[in-house]
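Colleague: Provided herewith is a single structure, encoded as structure tokens, for subsequent inquiry.
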Amino acid sequence: MDSPTTPLISRRDALIAGAATAAAVSSSAPAEAAQAAPAAAAGPRVKLSLNVNGQAHSLQLDTRTTLLDALREHLNLTGTKKGCDHGQCGACTVIADGRRINSCLTLAVMHDGGQVTTIEGLGTPQNMHPLQAAFVKHDGYQCGYCTPGQICSAVAVLDEIKRGVPSHASADLTARPLLSAEELRERMSGNICRCGAYSNIVDAITEVAGSRT
């Protein structure tokens, strides 16, 4: 049986050499990252126009800018909230060309020339939209973070029902949708309220819907 080969370097020396190599790599990483950062940050920019709450805006944005970030960071319309940023909570809901959308999931350039309505465009504290007033009356909010998205979504929901657009809860796809709690809960299911004010939200929407029929 062959005898073990004598190592060319001791275990202690190997550990010292490994630590030195790791230190050298880590010290050079920040410098390399700093050099790469400008290239990564720079992106193609385009000119676009958005009509937001009845006012025209001309913007020059990175093509990767979401509609949510365009509203919040470039137009200072911070009523639209950034929640999950993955289209799962509905806090960023706005109405774009008559349809409610999650503004975190769409790029601003996709809405060039489009019409966008945010919570700021629905009403003011002095002249509230009927749904805003109903949310206050029925305590349809608690922390208030999701409320702008909830109200924008509710406005679009009532328009969908008026136009006869069915939902998953609609029993007859050819009939006019019923204004029921089940129908409203299904249509509003994409808007999450972590405070759990769902029943109050349904009451607020039902009251406004009743006043319009």
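Colleague: From the protein chains alone at 1.4 Å, what is the descending order of accessible area for LYS47, LYS81, largest first?
Modeller: Per-residue accessible area, sorted high to low, gives LYS47, LYS81.
Colleague: While we're looking at this one, here's another question. What is the local net charge at VAL136, summed over the other residues whose Cβ is closer than 13 Å to its Cβ (Lys, Arg +1; Asp, Glu -1)?
Modeller: Charge balance in the 13 Å sphere: -2.
Colleague: ASP85: net charge of surrounding residues, Cβ under 15 Å, Lys/Arg +1, Asp/Glu -1, itself excluded?
Modeller: Result for the local shell: +2.
Colleague: By how many nm would the segment from GLU207 to THR78 grow when fully extended, if each residue of separation counts as 0.36 nm and the alpha-carbon distance is taken off?
Modeller: 43.7 nm is the gain from fully extending GLU207 to THR78.
Colleague: While we're on this one: Quick one: Karplus J couplings for the range 145-153, per residue in order, coefficients 6.51, -1.76, 1.60, θ = phi - 60°, nearest Hz, x for Gly and Pro?
Modeller: 5, 7, 4, x, x, 4, 5, 4, 5
Colleague: What does the charge count around ALA171 come to, taking other residues whose C-beta lies under 11 Å from its C-beta (Lys +1, Arg +1, Asp -1, Glu -1)?
Modeller: For residues surrounding ALA171, the net value is -3.
Colleague: How about LYS137: which aspartates and glutamates have a C-alpha closer than 16 Å to its C-alpha, ignoring those fewer than 8 places off in the same chain?
Modeller: ASP203, GLU207
Colleague: On to the next question. Enumerate the amide H contacts of VAL52 below 5 Å, restricted to partners 5 or more residues apart or on another chain; note that Pro and chain-start residues carry no placed amide H.
Modeller: Under 5 Å from the amide H of VAL52 lie the amide H atoms of HIS57, VAL116, each far enough along the sequence or on another chain.
Colleague: Need the list of aspartates and glutamates near LYS82 for cross-linking: C-alpha distance under 12 angstrom, and skip anything on the same chain fewer than eight residues off.
Modeller: List returned: ASP69, GLU73.
Colleague: With a 1.4 Å probe and all protein chains left in place, how much of the accessible area of the range 137-213 comes from carbon and sulfur atoms, in whole percent?
Modeller: Of all accessible area on the range 137-213, carbon and sulfur atoms account for 53 percent.
Colleague: Can you give the relative contact order of the range 97-213 as a percent, counting alpha carbon pairs under 8 Å and 6+ residues apart?
Modeller: This gives 30 percent for the range 97-213.
Colleague: Computed FRET efficiency, Cβ-Cβ of LYS137 and HIS168, R0 35 Å: what is it to the nearest 0.05?
Modeller: Step by step, r from the Cβ atoms, then E = 0.75.
Colleague: Could you order LEU122, LEU184, LEU178 by accessible surface area, starting with the largest, using a probe radius of 1.4 Å?
Modeller: Final ranking, largest accessible area leading: LEU178, LEU122, LEU184.
Colleague: Let me cross-check ARG185: its accessible surface, 1.4 Å probe, with only protein heavy atoms counted, in Å² to the nearest 10?
Modeller: 120 Å²
Colleague: Next up: Arranged from highest to lowest average of other beta-carbon atoms within 10 Å per residue, in what order do the peptides 109-117, 68-76 appear?
Modeller: 68-76, 109-117
The values are calculated or read from the model by the stated rules, or taken from the named source; none is laboratory data. Just so it is clear, the structure is predicted and the values come from calculations on it, not from any experiment. Don't worry about glycine lacking a Cβ; one is built from the backbone with ideal geometry, like all the others, and counts go over all protein chains shown. Ligands, DNA and RNA are stripped out before the accessible areas are found, and what is left, the full protein with its side chains, is counted by its heavy atoms. Shrake-Rupley method; radii C 1.70, N 1.55, O 1.52, S 1.80 Å.
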